[in-house]
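Down below is the structure, laid out as structure tokens.
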Amino acid sequence: MDTILYEVHSGLYVNLTNKCPCACTFCLRQEMDSVGGSGPLWLSKEPSAEDVIAEFSRFDMSRYTELVFCGFGEPTEALDVLLKAAAYAKERFGIKIRVNTNGLGDLVNGKRIAPLLAGLVDVVSVSLNTPDPAKYMALVRPRFGEDAYPAMLAFAGDCASAGMQVVMTTVATTLTDEEEKQCAAICEELGVSYRIRPWEG
Ligand code: SF4
């Protein structure tokens, strides 16, 4: 059976899709098929919004501090399902909602998606990875080529302007101090928070 929902600490995570426009050199999917005790995150078919909503009934939703759209792929690749499931969860459980994303959802969907997320999504966590567009290309290998890095930054700024809490992340030990300072400056310019998260590999 596919793993659609899985627990990580106090959060309930949603695995909507295995699609992703990137091929990051560090992607966990290359080496494992689950995260923590999640169960396999490769999907035999993408869940519909109804499938996700049906899964909620198998969990005690009052136990979780947040619902996190993350999984083994880029959640904005399944934007319609994300929006429907988030709307249901917000209305039914009043739970905080976070989306963990590579920030390329505008390019994936061919439109600005921040206005669609606003009001449903509380926190958007965007992988910044590096302050250097050329290094980004080498690390993330996005199918959109050089359009990707500026689009990712624009998306983060757009989400902040739409009222969402935005956190841009890099991974500890992967950047120099100088690069981390540059990331902090980028985030300040965009009006978003900067977080250096622990290495999970
Ligand atoms: S964006 Fe995430 S899911 Fe996609 S290739 Fe990179 S690490 Fe993997």
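Among Thr170, Thr65, Thr176, the order by Cβ neighbours within 10 angstrom, fewest to most, reads Thr176, Thr65, Thr170.
The amide H of Glu66, built 1.01 Å from its N in the peptide plane, has Leu12 as neighbours under 5 Å, considering only residues 5 or more places off or on other chains. How much of the DSSP beta bridge set in the chain is antiparallel, as a percent to the nearest 5? Antiparallel: roughly 15 percent of the beta bridges in the chain.
In segment 5-197, taking the dipole from charged Cβ atoms about the Cα centre, the farthest positive-side position among Tyr88, Gly105, Ala118 is held by Tyr88.
All C-alpha to C-alpha distances of segment 5-197, sorted into 5 Å bins beginning at zero, yield P(r) values of 1, 8, 16, 21, 21, 17, 10, 4, 1, 0 percent in whole numbers.
With Cα atoms defining each centre, segment 167-181 and segment 1-78 are spaced 26 Å apart in the structure.
Computed 3J(HN,Hα) for segment 154-168, one whole-Hz value per residue from the Karplus formula 6.51 cos²θ - 1.76 cosθ + 1.60 where θ = phi - 60°, is 4, 4, 4, x, 5, 5, 5, 5, 7, x, 7, 7, 10, 10, 9, glycine and proline marked x.
Counted by neighbouring Cβ atoms within 10 Å, the residues Asp2, Asp158 run from fewest to most as Asp2, Asp158.
Couplings 3J(HN,Hα) of segment 36-49, computed from phi: x, x, 5, x, x, 9, 6, 9, 7, 7, 5, x, 7, 4 Hz, in residue order, whole Hz [Karplus 6.51 cos²θ - 1.76 cosθ + 1.60, θ = phi - 60°; x for Gly and Pro]. Against the chain, whose longest principal axis comes from its Cα atoms, helix 79-93 is set at around 60 degrees. Calculated mean residue ellipticity at 222 nm for the chain: -10000 deg cm²/dmol, from DSSP H runs with n ≥ 4 weighted as -39500 (n - 2.57), summed, divided by the residue count and rounded to 500.
Each residue of segment 94-109 was assigned a 3J(HN,Hα) from its phi angle through the Karplus expression (A = 6.51, B = -1.76, C = 1.60, θ = phi - 60°), giving x, 8, 5, 10, 10, 10, 9, 9, 7, x, 9, x, 5, 6, 4, 9 Hz with x at Gly and Pro. Among the cysteines of the chain, those with no neighbouring cysteine Cβ under 4.7 Å are Cys20, Cys22, Cys70, Cys159, Cys183, Cys187.
Going from the fewest other Cβ atoms within 10 Å to the most, the residues Glu189, Glu55 appear in the order Glu189, Glu55. Proximity of backbone amide H atoms, modeled 1.01 Å from N, is registered between Val192 and no other residue at under 5 Å, excluding neighbours fewer than 5 places apart on the same chain.
FYI, it's all coordinate maths here, none of it is from the lab. Since the model is a prediction, treat every value here as computed from it, not as a measurement. Quick reminder, even Gly has a Cβ in these numbers, built from the backbone with ideal geometry, and neighbours come from all protein chains shown.
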